[in-house]
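**Student:** Sharing a structure here in structure tokens format.
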Amino acid sequence: MAEEYNFREIEPKWQANWQENGLFEVRQDPTRPKLYCLNMFPYPSGVLHVGHGRNYILGDAVVRYKKMKGYNVLAPMGWDAFGLPAENAAIKFGIPPAKWVADNVANMKRQFTSQGIMFDWRREINTSDPNYYRWTQWVFLKMFEAGLAYKANAPVNWCTSCAAALANEEVVDGTCERCGSPVIQKQLDQWFFRITKYAQHLLDDTELLKEWPEKIVTMQRNWIGRSDGAEVDFRLDDGATIVRCFTTRPDTLFGVTFFSLAPEHPLIPSIVRGTDLEQAVLRFCDANRKVGGARGSDQQYEKEGIFTGRYLINPVNGDRIPLWVANYALMEYGSGGVMAVPAHDQRDFLFAKKYSLPIKVVINPPGTDLDADKMTEAYPDPGTQTDSGEFDGMPSEDAKKAITEHLIRIGAGRGVVKYRIRDWLISRQRYWGAPIPMILCDKCGVTPIPESDLPVLLPSLHEFKTKGGRSPLADHSEFVSTKCPKCGSPARRETDTIAQWLCSCWYFLRFTSPWEKGQPFNRADEKYWMPVDQYIGGAEHAVLHLLYSRFIVKALYDLGLVSVKEPFKALFTQGTIIKDGMKMSKSLGNVVSPDDIVSQYGADTLRLYTLFIGPPEKPAEWTDESVQGCFKFLRRLWEIFGEHEAVVRTARTFAGPSTGLTADEVNLRRALHKAAKKVNFDIEDSFHFNTAIASLMELLHIVKELAPKARPEIRKEVFATFARLMAPMAPHFAEEIWARTGGSGSVFTQAFPSWDEAVAEDPELEIVVQINGKLRGRILLPVGSTKESLEREAVSNETCIRLVEGRQIRKIIAIPDRLINIVVG
RNA sequence: GGCCGAGUGGCGGAAUGGCAGACGCGCCGGUUUCAAAAACCGGUUCUCGCAAGGGAGUGCGGGUUCGACUCCCGCCUCGGCCACCA
């Protein structure tokens, strides 16, 4: 009776073995190339589901593969533990956030281990640990020193339910990204990071992100949102007031027929003061003031506006144009005013039609003349200038520059660059975060806490609900009262906490030397390990986390504190796991627990299926039945190995040469080499473990058929190589087979099978012969044939001659390894 | 509206411009069993045919090529992200 595949015994055994032997404890090793492979660290929300697992299993497989390829691999893990969910959960369940975090961390760590996902746990970090967050506070101080942190009274997005200010990025369609409650505007004193100062750097250096998905780079560029254009000064009809606007289309300046101000525009009250329309205009402004991240709801709203009764003078042609207030003009973009050119902008066109405003064509499409009266939509494309004074006849693309220069000459404008990105709101009126390390002194003003006084400890509070926009810390007098570090007089601490985003913007630096006490990281270690060679995570962080991290690293680089300009050399964003047509999530009730799969089928089955489910960059549908396919694969391989185990264990090591092998032995070894080639290529090229596993399944079929016919030492080679090939994906299983083939030590101290040498000893390959892409035959040719030698061979080969049947050969197309196509006339 | 992706069996998905549908699931048939499950063996794009074999076939329409799922042009559909950003 054959021994059963007992994963329940095998898996814990090897997990303990790896732990004991410190397999994943990495040190700097100058003899090997380094590889810093990082999975985005999780929010310790409690329980991992198999959707989360995709991330970590993929990363672990890469780490194990690279390790076998000879790299010195750093694979650390930690916890992004500050932030709203922990605090909300703590309020809900009445336990301290720190306890909630600690419990969840313990469980998630257990889940990682039970799935065979191994990290260098000596480097574990937790962002809510004072040993960590004192250095988050240090980052804040450095930003302040660099003039990149400032306090301003600003309208902030305020979530009515979370009772917290949100970053623009956290507002989705006017509601809170986390809880979905409506977001309103509120004026508060807030800390900002001046990310806008780095907008151009961040944009330029997207050039360096060659190993990032194109999609993510594009999203970063769009988010920064550079627009090149001109600022134009329009003079109010009183001759004094100047109303500014930004345009990307100075070429359309002669076609301006009205002007729209944002309802929040500060000039409006003075412009309409004392006029008949004053009350109506102000009422309109109040009614259309922006609420939340977007005006109104998520839907496009009807364009509305009101005439102010006043006129502006177009600086280039003296046209007197009506000044309107319109709800589609945004105060926070440009300068809050739009020069409206209905003929060449669709929004302006719709507005002009609605309010019967004139339309003036100044750009004609190539070859035709537009008639303003007959237009049904705006013509936004380039063309030839018309009705534009001295610029008539000029291509509109050239006119952009020419008209801007003209504006400069007459002192009515200038070329400018605008960015969509805004400064980063960094303060939160919440408890569960790192206190902002600042002191408010009546005499000295806002004063940073000296580095030596860090950390500013977060006090343990039992009551930490936010009240009326104040941080809970504000009610805690022992925390608030302090002395000014400059003048020594009584002062107050800043009571806002640091947005959790900042904690996760530098953690990859801390991982390089997390044990450092007197500094955030050791410079030598940072220099050795940075940048992160392979970053793996979800595309949901495509903009915020990645952009913030890039910004912080650039700022620290400019301060001479880190050695790299970009933190992440290569990025891989894996697709989400779908179940029953929806993203897997606790709230939808469609989660599959890895614990259940592990106990039923084992960690290796879970890992194989997760990798096999589809190409890792794309979303994939989880089906419980399909899991069995991977389990069956392992069990079959186990059983087949069992039939050969006794022979293999005592066999000597196959050392070649390949002469004198039977046809079956050649075919068996060829299949092995083919699989090795495929697995190497798939992992190296694209992390396509799905096809790598498929090729191993194919290999199993052949091994099953041919291994019984091969001599013992070849069988030994086959099973030992098989074990090494599957080690990244099914590590426990591979260790067990490796050990049972008589292999010494851990399979992860072995080299991953390469294929080039192996293939070179393969005697011959079967090549398909096509005639005019149709008829087919097969010939055997030596392995390693080049395209040229194949073509030569085809002319003299008997099979080919017979197939050509005397017709004239026009062309021979040879694809090494695959086929020869002979085109005959 | 803008910018990306993607359309292949019943399903997930394979295919450097070269045997379309690898591999897995499911399904069908068989072996085994008192029976069922499991396991094992075989089959499984559609279509005509008892069969051998034939025909069609990668969203639609063109094109390039000896040869197109793959490249080019024009559509259609779906998904993602950003969106009255001047």
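**Student:** Report whether or not A:G46 is open to solvent by less than 10 Å² (accessible area, probe 1.4 Å) and part of a loop (DSSP other than H, G, I, E, B).
**Tutor:** It is true that A:G46 is open to solvent by less than 10 Å² (accessible area, probe 1.4 Å) and part of a loop (DSSP other than H, G, I, E, B).
**Student:** Cβ-Cβ distance below 7 Å, separation of 6 or more or different chains: which pairs start in the stretch A:401-425 with a residue that is at negative phi and end on one that is open to solvent by 80 Å² or more (accessible area, probe 1.4 Å) and within 12 Å of RNA strand B (Cβ to nearest atom)?
**Tutor:** Pairs found: A:V417/A:R226; A:V417/A:D228; A:Y419/A:R226.
**Student:** Here's something else I'd like to know. Could you list, in sequence order, the residues of the stretch A:227-249 that are in contact with a helix residue (DSSP H, G or I) (Cβ under 9 Å, 6 or more places away or on another chain), within 10 Å of RNA strand B (Cβ to nearest atom) and either assigned to a loop (DSSP other than H, G, I, E, B) or hydrophobic (A, V, I, L, M, F, W, C) (or both)?
**Tutor:** Answer for the stretch A:227-249, where residues must be in contact with a helix residue (DSSP H, G or I) (Cβ under 9 Å, 6 or more places away or on another chain), within 10 Å of RNA strand B (Cβ to nearest atom) and either assigned to a loop (DSSP other than H, G, I, E, B) or hydrophobic (A, V, I, L, M, F, W, C) (or both): A:A230, A:V232, A:T248, A:R249.
**Student:** Any idea how many residues of the stretch A:795-813 are within 16 Å of RNA strand B (Cβ to nearest atom) and of a type in the set (S, T, N, Q)?
**Tutor:** Looking only at that region, the number is 2.
**Student:** In the set A:G367, A:G383, A:G334, which member is at pLDDT below 90 and under 30 Å from A:I268 (Cβ atoms)?
**Tutor:** Result of the check over A:G367, A:G383, A:G334: A:G334.
**Student:** Would you be able to say whether some residue in the stretch A:396-416 is within 30 Å of A:G488 (Cβ to Cβ) and not in a loop (DSSP other than H, G, I, E, B)?
**Tutor:** no
**Student:** Moving on to the next point. Restricting the first residue to the stretch A:189-207 and requiring it to be touching a residue at least 12 places away in the same chain (Cβ under 8 Å), which pairs with a second residue that is of a type in the set (S, T, N, Q) meet a Cβ separation below 6 Å and a spacing of at least six or different chains?
**Tutor:** Correct list of pairs: A:D189/A:N153; A:Q190/A:S427; A:W191/A:S427; A:T206/A:Q220.
**Student:** Continuing with this model, one more query. Given the condition among the aromatic types (F, W, Y), in a helix (DSSP H, G or I) and within 16 Å of RNA strand B (Cβ to nearest atom), answer yes or no: does some residue in the stretch A:639-650 qualify?
**Tutor:** There is at least one residue in the stretch A:639-650 that is among the aromatic types (F, W, Y), in a helix (DSSP H, G or I) and within 16 Å of RNA strand B (Cβ to nearest atom).
**Student:** Name the residue that is nearest to the chain's Cα centre (by Cα), counting only residues in the stretch A:199-257 that are open to solvent by 80 Å² or more (accessible area, probe 1.4 Å) and closer than 18 Å to A:S335 by Cα.
**Tutor:** A:R226
**Student:** Determine if the stretch A:776-788 includes at least one residue that is closer than 21 Å to A:L699 by Cα, modelled with pLDDT under 95 and either of a type in the set (A, V, I, L, M) or touching a strand residue (DSSP E or B) at 6+ places or on another chain (Cβ under 8 Å) (or both).
**Tutor:** Scanning the stretch A:776-788 turns up at least one residue that is closer than 21 Å to A:L699 by Cα, modelled with pLDDT under 95 and either of a type in the set (A, V, I, L, M) or touching a strand residue (DSSP E or B) at 6+ places or on another chain (Cβ under 8 Å) (or both).
**Student:** When you scan the stretch A:639-662, how many residues do you find that are modelled with pLDDT of 85 or more, hydroxyl-bearing (S, T, Y) and under 49 Å from the mean Cα position of the chain (by Cα)?
**Tutor:** Of the residues in that region, 1 qualify.
**Student:** When the residues of the stretch A:587-623 are filtered to those that are of a type in the set (D, E) and away from RNA strand B (no atom under 12 Å from the Cβ), which remaining residue is modelled with the highest pLDDT?
**Tutor:** Among residues in the stretch A:587-623 that are of a type in the set (D, E) and away from RNA strand B (no atom under 12 Å from the Cβ), the one modelled with the highest pLDDT is A:D604.
**Student:** Would you be able to tell me the number of residues in the stretch A:345-355 that are of a type in the set (F, W, Y) and either open to solvent by 10 Å² or more (accessible area, probe 1.4 Å) or within 7 Å of RNA strand B (Cβ to nearest atom) (or both)?
**Tutor:** Total meeting the criteria: 1.
**Student:** Another one. Just checking, how many residues over the stretch A:620-641 are in contact with a Gly (Cβ under 9 Å, 6 or more places away or on another chain) and exposed (fewer than 14 other Cβ atoms within 10 Å of the Cβ)?
**Tutor:** Result for the stretch A:620-641: 1.
**Student:** Of the conditions (1) free of Cβ contacts under 8 Å to residues at least 40 places away in the same chain; (2) closer than 24 Å to A:S260 by Cβ; (3) under 43 Å from the mean Cα position of the chain (by Cα); (4) open to solvent by less than 70 Å² (accessible area, probe 1.4 Å), A:M375 satisfies every one except a single condition; which number is it?
**Tutor:** (3)
**Student:** Here's a check for you: in the stretch A:440-468, which residue that is open to solvent by less than 20 Å² (accessible area, probe 1.4 Å) and in contact with a helix residue (DSSP H, G or I) (Cβ under 7 Å, 6 or more places away or on another chain) is modelled with the lowest pLDDT?
**Tutor:** A:F464
**Student:** Going through the stretch A:323-350 one residue at a time, which ones are over 25 Å from A:D238 (Cβ atoms), hydrophobic (A, V, I, L, M, F, W, C) and touching a residue at least 60 places away in the same chain (Cβ under 8 Å)?
**Tutor:** Once the filter is applied, which keeps residues that are over 25 Å from A:D238 (Cβ atoms), hydrophobic (A, V, I, L, M, F, W, C) and touching a residue at least 60 places away in the same chain (Cβ under 8 Å), the stretch A:323-350 yields A:L330, A:A343.
**Student:** In the set A:P437, A:P358, A:P395, A:P342, which member is farther than 30 Å from A:L458 by Cα, buried (at least 23 other Cβ atoms within 10 Å of the Cβ) and either within 16 Å of RNA strand B (Cβ to nearest atom) or not charged (D, E, K, R) (or both)?
**Tutor:** Result: A:P342 is the single residue among A:P437, A:P358, A:P395, A:P342 that is farther than 30 Å from A:L458 by Cα, buried (at least 23 other Cβ atoms within 10 Å of the Cβ) and either within 16 Å of RNA strand B (Cβ to nearest atom) or not charged (D, E, K, R) (or both).
**Student:** If you take the residues in the stretch A:398-420 that are crowded, with 23+ Cβ neighbours inside 10 Å and aliphatic (A, V, I, L, M), which one is nearest to A:N314 (Cα to Cα)?
**Tutor:** The extreme case among them is A:I403.
**Student:** For the stretch A:602-614, does any single residue satisfy the condition of being buried (at least 20 other Cβ atoms within 10 Å of the Cβ), more than 28 Å from the chain's Cα centre (by Cα) and at positive phi?
**Tutor:** There is at least one residue in the stretch A:602-614 that is buried (at least 20 other Cβ atoms within 10 Å of the Cβ), more than 28 Å from the chain's Cα centre (by Cα) and at positive phi.
**Student:** Being more than 8 Å from RNA strand B (Cβ to nearest atom) and not β-branched (V, I, T) is the filter here; which residues of the stretch A:697-709 pass it?
**Tutor:** Scanning the stretch A:697-709 gives A:L699, A:E705, A:L706, A:A707, A:P708, A:K709.
**Student:** In addition: Restricting attention to the stretch A:624-637, which residues are near RNA strand B (Cβ under 9 Å from one of its atoms) and either touching a residue at least 12 places away in the same chain (Cβ under 8 Å) or among the acidic types (D, E) (or both)?
**Tutor:** A:D624, A:E625, A:S626, A:V627, A:Q628, A:G629, A:C630, A:F631, A:F633, A:R635, A:R636
**Student:** Something else about it: Show the residue pairs meeting these rules: Cβ distance below 6 Å; 6+ apart or different chains; first residue within the stretch A:675-699 and more than 14 Å from A:T721 (Cα to Cα) and small (G, A, S); second residue open to solvent by less than 20 Å² (accessible area, probe 1.4 Å) and near RNA strand B (Cβ under 8 Å from one of its atoms).
**Tutor:** A:A692/A:D682
**Student:** Now a separate question. Filtering the stretch A:683-696 down to residues that are open to solvent by less than 40 Å² (accessible area, probe 1.4 Å) and near RNA strand B (Cβ under 10 Å from one of its atoms), which residue is modelled with the lowest pLDDT?
**Tutor:** The selected residue is A:S686.
**Student:** Looking at the stretch A:320-339 only, could you name the residues that are surrounded by fewer than 17 Cβ atoms within 10 Å (Cβ to Cβ) and either of a type in the set (S, T, Y) or away from RNA strand B (no atom under 16 Å from the Cβ) (or both)?
**Tutor:** A:R320, A:Y333
The values are calculated or read from the model by the stated rules, or taken from the named source; none is laboratory data. Everything numeric here is computed off the predicted structure, so don't read it as measured data. Cβ: placed from backbone, ideal geometry, glycine included. Neighbour counts: every protein chain shown. These accessible areas exclude ligands, DNA and RNA; they are computed on the full protein's heavy atoms, side chains included. Shrake-Rupley method; radii C 1.70, N 1.55, O 1.52, S 1.80 Å.
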